[in-house]
Amino acid sequence: MRANLKENPVRSESLPFVVRCVRNEAELAKAVAIRRSAYGRHVPDLAARFAVPEPSDLDGSSRVLVALAKLDGMPLGSMRFRTNENQPLDVEQSVTLPDSLHNKVLAEATRLAVSQAAVGRVVKAMLMKAMFLHCEATGVDCMVVTARHPMDRFYHWLLFEEVFPDGGFIPMAHVGMIPHRVMSCDLVATKRRWLECDHPWHTLFFETHHPDIEWAPATAVGAGHGHDRDKETHLSLVGR
């Protein structure tokens, strides 16, 4: 049984935006808009592909997080993730994961996108926090990401480790065959390492309550949304 990672936050901090799982088509459209904008800046060839919702946004297999400004509801960031509990991860279209990740519950983060505004770095942190805490609460063992350069530096800073130490950058089918590095983090081990090395985000993630990170069962946006497991979990990430 996994160790209980939860701690009691020592302070509360409000944000100028909310982070939540998309609840309707309008919020999904905002998540897609920020995705298209971000990829248009960094990977223009993929911008058109990401201009409309993808099947994984609609079929209930994934959760789509969106950060919305409190002032006007404008989208500031988005990220999608899902686990390997019911089907292989997207990364498995391109690689065979090593034995060390077999028989584990994995969650893969994809389509991380944030605005160019000054608040963008904070939005990125809160999207990662929302995913990390959801994984922690639902029994995920490891998070997996694919990262193109220079985004691989960000995950390295978060203490993600190379899944294929000698593999380097590998073309990924789910992102237009652009070379990405495959990285992962064991939730329990990474949290312990953050504490031991006094990582700048340890207090932000585990000792600070952010009431603007919301979690509730997703309203049906496409076929399959609102799974029974969502109803049973009733997570709001209250206390974080």
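Where a number appears in this text, it was derived from the coordinates with a stated rule and is not lab data. Everything quoted here is computed from the prediction, not taken from an experiment. FYI the Cβ positions are ideal-geometry reconstructions off the backbone, even for glycines, and counts take in every protein chain you see.
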Compute, for the range 168-217, the length of the dipole vector about the Cα centre, with Cβ point charges of +1 (Lys, Arg) and -1 (Asp, Glu) only. Units Debye, rounded to 20.
280
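Please sort 97-103, 67-73 by packing, taking for each peptide the average over its residues of neighbouring beta carbons within 10 angstrom, highest first.
Result, highest mean Cβ count within 10 Å first: 67-73, 97-103.
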Descending packing, highest mean Cβ count within 10 Å first, for 27-36, 52-61, 111-120 is 27-36, 111-120, 52-61
Summing -39500 (n - 2.57) over every DSSP H run of at least 4 residues in the chain and dividing by its residue count gives a helix-only mean residue ellipticity at 222 nm, to the nearest 500 deg cm²/dmol, of -8500 deg cm²/dmol
